[in-house]
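> What follows is a structure written as structure tokens; I'll ask about it next.
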Amino acid sequence: MEREKLLRRLPPVHELVKACSGEEKDGPLHVLTEAAREVLNDWRGLILEKGEAPPALAPLAEAVKTRVREKLRPHLRPVINATGVILHTNLGRAPLSAAALSALERVARGYCNLEIDLNTGERGSRYSHVENLLTALTGAEAALVVNNNAAAVLLALHTLARGREVIVSRGELIEIGGSFRIPEVLAQSGARLQEVGTTNKTYPRDYERAIGPETALLLKVHTSNYRILGFTREVTRSELVSLGRKYQVPVLEDLGSGVLVDLQRYGLGPEPTVQASLEAGVDVVTFSGDKLLGGPQAGIIVGRARLLQGMKENPLLRALRVDKLILAALEATLREYLKGEAEHTLPVLERLFVSPDRLAARAAALKERLLARLEGACEVDLQSGFSQVGGGALPLTQLSTTLLVLRPKTMSATAFAAELRRRDPPVFTRLQDAGVLLDPRTLSEEEEEPLVEAVRAVLREPAQKAVFDRASPGFSRQTPMPLSVAPPDDEN
Ligand SMILES: *Cc1c(COP(=O)(O)O)cnc(C)c1O
């Protein structure tokens, strides 16, 4: 009965809508009405379940307005990545270079010569925009670009080995990112998997014994998201190439990340370059566009012209093709490599190569900025630590960095991280013991101010926050996404 009375205290929808003055009232009325209904429904639930007293009209209207803002803003939006994981699949992998962004904009704004040969005026190939760049950069005879690397592997297997056998080492039957499993992609391509060797040791003779009239391909997969340590024996790229030559079977290598620059110059790796794989005699190499290459999502196939011709003529290519936006961004990214500027202009490489001294200086400056704005609401310390490459590249590489450790005085680190993630723009951090860690490695200079402001707002505006949560329980019910803290080691 008490609850009945409380229910009657909730305003009718039209009254609540009327109370929502301000810019939100200018939004579409149906959105406002829907938001008001939702807020009232949430409160009906709370009253019936817990007998909680509903707030007054003004805070209810605030909750409705917050909800309208939520509904009207884009669902896919930029976030600040302070996790230090350079290639975070869940956060969209590679940030693009300025050159790629302006190419995207130029091509997207109007029409373009996507499939027109400007010399003859006749139909051209969309792949022509990047093929020469890719062959020039890698030394390959031919190149092709599809939707992503999984598609590249699928197309290569479907073209070269459908209905026949593909030999793979058991140590390379990997799963990447929970959805790309070599045995499953192989099955989808129509090829039959012939496993050889054991998890930790595979010898050339294992392949040799398995090669027969049904063998279409020798497949090597870069075990990009894990390493088998201890007693191991892997058949090297050159050994596989020798076997392929001896038995006239092509060798396909799925490199995963696709690095074009020698990482060892920067003390990183070893991570095979595309050029090295081709130089060793591998016939077809596939890799991603948005991992260490630093471009848009794409699957790149390079190798022998004879073998790629079949892929170019495969009807499956039509289903895996890339659009003009991807081609624009990819071409611009590749041109940075051709100009020899990629290491300075591609955010992925720049973040990979930035010196620990520079990171320490940036962390120290950010600490001062935070302290000046937080007025004692939070302890801020510096701590040396590591960043991760992510994206299935260099899984064991620990990149030295300087982390900021934030320990708020008024809330737990977990709650703090969750609130940061709910800001606009959302901020993703790492959690460690009782602190929230920020890694300057993955922050751009322009993101520092919004980051500082998000931290300040979360710590300085708890009261407003409480009303907002009580008035719209729908928000507080969201379970925090685990990725705000978890390193994506197997997420590629
Ligand atoms: C990441 C990866 C893939 C999948 O690439 P996508 O571009 O995400 O489709 C395939 N193989 C290897 C070895 C990888 O590391």
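The values are calculated or read from the model by the stated rules, or taken from the named source; none is laboratory data. What you are looking at is a predicted structure, and each value in this text was computed from that prediction instead of being measured. Cβ placement follows ideal geometry from the backbone for every residue including glycine, while neighbour counts extend to all protein chains displayed. Surface accessibility is based on the protein's heavy atoms, side chains included, excluding ligands, DNA and RNA. Shrake-Rupley method; radii C 1.70, N 1.55, O 1.52, S 1.80 Å.
Yes or no, residue by residue, for (1) without any contact (Cβ under 8 Å) to a residue 40 or more places away in the chain; (2) among the hydrophobic types (A, V, I, L, M, F, W, C):
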| site | (1), (2) |
| --- | --- |
| Gly124 | yes, no |
| Ala140 | no, yes |
| Val146 | no, yes |
| Ala152 | no, yes |
| His158 | no, no |
| Arg164 | no, no |
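> Using beta carbons and a limit of 9 Å, which pairs, at least six apart or on different chains, have the first residue in segment 217-239 and within 16 Å of Leu278 (Cα to Cα) and the second one among the β-branched types (Val, Ile, Thr) and within 11 Å of the ligand (Cβ to nearest atom)?
Matching pairs, first to second residue: Leu219/Val153; Leu219/Ile182; Val221/Val153; Val221/Ile174; Val221/Ile182; His222/Ile174.
> Something else now. Can you find even one residue in segment 290-304 that is in a helix (DSSP H, G or I) and not hydrophobic (A, V, I, L, M, F, W, C)? Full working, then the answer.
Let us first name the residues in segment 290-304 that are in a helix (DSSP H, G or I), namely none.
Checking segment 290-304: not a single residue is in a helix (DSSP H, G or I) and not hydrophobic (A, V, I, L, M, F, W, C).
> Scan segment 81-92 and give yes if some residue there is modelled with pLDDT of 95 or more, open to solvent by 30 Å² or more (accessible area, probe 1.4 Å) and either touching a helix residue (DSSP H, G or I) at 6+ places or on another chain (Cβ under 9 Å) or among the charged types (D, E, K, R) (or both), otherwise no.
The answer is yes, given that some residue of segment 81-92 is modelled with pLDDT of 95 or more, open to solvent by 30 Å² or more (accessible area, probe 1.4 Å) and either touching a helix residue (DSSP H, G or I) at 6+ places or on another chain (Cβ under 9 Å) or among the charged types (D, E, K, R) (or both).
> Assigned to a helix (DSSP H, G or I) and not assigned by TED's automatic domain parsing to the domain that holds Val85, is that true of Thr286? Explain how you work it out, then say what you get.
Working: assigned to a helix (DSSP H, G or I): no; not assigned by TED's automatic domain parsing to the domain that holds Val85: yes.
The answer is no for Thr286.
> Looking only at segment 211-225, how many residues end up being more than 16 Å from the ligand (Cβ to nearest atom) and either over 15 Å from Ala191 (Cα atoms) or basic (Lys, Arg) (or both)?
Summing the residues that are more than 16 Å from the ligand (Cβ to nearest atom) and either over 15 Å from Ala191 (Cα atoms) or basic (Lys, Arg) (or both) in segment 211-225 gives 0.
> Another question about this same structure. Please find, within segment 156-180, the residue that is nearest to the ligand (Cβ to nearest atom) out of those that are in contact with a Leu (Cβ under 6 Å, 6 or more places away or on another chain) and more than 19 Å from Pro213 (Cβ to Cβ).
Checking each candidate, the answer is Ala156.
> Have a look at Thr397, Thr410, Thr414, Thr401 and point out the one that is under 30 Å from Ile174 (Cβ atoms) and open to solvent by 20 Å² or more (accessible area, probe 1.4 Å).
Checking each option against the conditions leaves just Thr397.
> Continuing with the same structure: Which one of the conditions (1) over 22 Å from the mean Cα position of the chain (by Cα); (2) more than 16 Å from the ligand (Cβ to nearest atom); (3) open to solvent by 30 Å² or more (accessible area, probe 1.4 Å); (4) over 22 Å from Ala136 (Cα atoms) does Val354 fail to meet, given that it meets all the rest?
(1)
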